[in-house]
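Rule-based calculations on the coordinates, nothing more; no lab input. Note that the structure is predicted; figures quoted are calculated from it, not measured. No Cβ is skipped: glycine too gets one built from the backbone with ideal geometry, and neighbour counts run over all protein chains shown.
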Amino acid sequence: MPIPHALKISRTSRGMRQGDVPVPYSQQMVSAIEQGKREIAPDMAPRFAEALDHPAMYMELARELTGGYGPAWLDGPNVDTHRASIRERCLEEMEEAMDFIRKSPASTLPSVETDADHKRRYEHLLQCFDAIVALHNYVGSQCIEYGFSMMRLSQDHYNKLKSRRYVQAN
């Protein structure tokens, strides 16, 4: 999903008109971004993310700013976006990823892995990405449905990681 689409669904899900987005861009500029005629300036991306606090916006900004890395917000025609369906899909993807992880030996050195082993490992990692995307979409849909801020949740989680010394504190 490109940023213009993410911006539009993020804005409309918040009940905002183009001129209501609390960023220093005019309604015309927001419209041009949504139409793909203009881009959000990189230094403005965090302001859009904060103003909209929507998973689609966070995920697409991350993908755009990294050149394509990160989970995608799933909203295509083959996606059932009901929270119960998202939950079930998330559980299925996690189970499949866990099965792949259990079957993939961590002790095999990369230098002795055969081409077939290497291909299986790649497929296993793709399955892990499916689970990552499913989890991001589950968390995002729960935040939308139950009124949690995805940013606040992410910040609280990062602070938990810092307090446990899992990440280096600045």
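For region 58-72, 3J(HN,Hα) computed residue by residue from phi via the Karplus equation (6.51, -1.76, 1.60; θ = phi - 60°) reads 4, 5, 6, 5, 4, 4, 5, 6, 9, x, x, 8, x, x, 9 Hz, glycine and proline entered as x. Remark: Val139, Val167 ranked as Val167, Val139, counting other beta-carbon atoms within 10 Å and listing the fewest first.
Estimated from helices alone, the mean residue ellipticity of the chain at 222 nm is -20000 deg cm²/dmol (sum of -39500 (n - 2.57) over DSSP H runs with n ≥ 4, per residue). Give, as ranges by residue number, the residues of region 77-112 whose backbone N falls under 15 Å from the point 7 Å along Cα→Cβ of Arg120. Under 15 Å, as judged by backbone N against the label point of Arg120, lie 99-110, 112 of region 77-112.
Site pair Asp75 and His5 shows an inter-label distance of 0.9 nm when each label is modelled 7 Å from Cα along Cα→Cβ. Straight Cα distances below 25 angstrom link Lys37 to the lysines Lys8, with same-chain residues fewer than 8 positions distant left out. Can you match volume of the Cα convex hull per residue in Å³ to one of these, (i) 141; (ii) 118; (iii) 170, based on a calculation from the structure here? The listed entry that was calculated here is (iii). Annotation for region 1-36 versus region 90-149: alpha-carbon center distance of 33 Å. Phi angles across region 7-13 convert, under the Karplus curve 6.51 cos²θ - 1.76 cosθ + 1.60 with θ = phi - 60°, into 3J(HN,Hα) values of 4, 5, 5, 5, 5, 5, 5 Hz, Gly and Pro given as x. Coupling constants for region 161-170 follow from the phi torsions by the Karplus curve (6.51 cos²θ - 1.76 cosθ + 1.60, θ = phi - 60°), and in residue order they are 4, 5, 5, 8, 6, 8, 10, 6, 7, 6 Hz; glycine and proline get x.
Per-peptide packing, taken as the mean over residues of other Cβ atoms within 10 Å, places 97-105, 83-91, 50-58 in the sequence 50-58, 83-91, 97-105 from highest down. Each Cα pair under 8 Å and six or more residues apart adds its sequence gap; the mean of these over the residue count of the chain is a relative contact order of 21 percent. Under 5 Å between amide hydrogens, built in the peptide plane, is the criterion, and for Val79 it picks out nothing among residues at least 5 positions away or on other chains.
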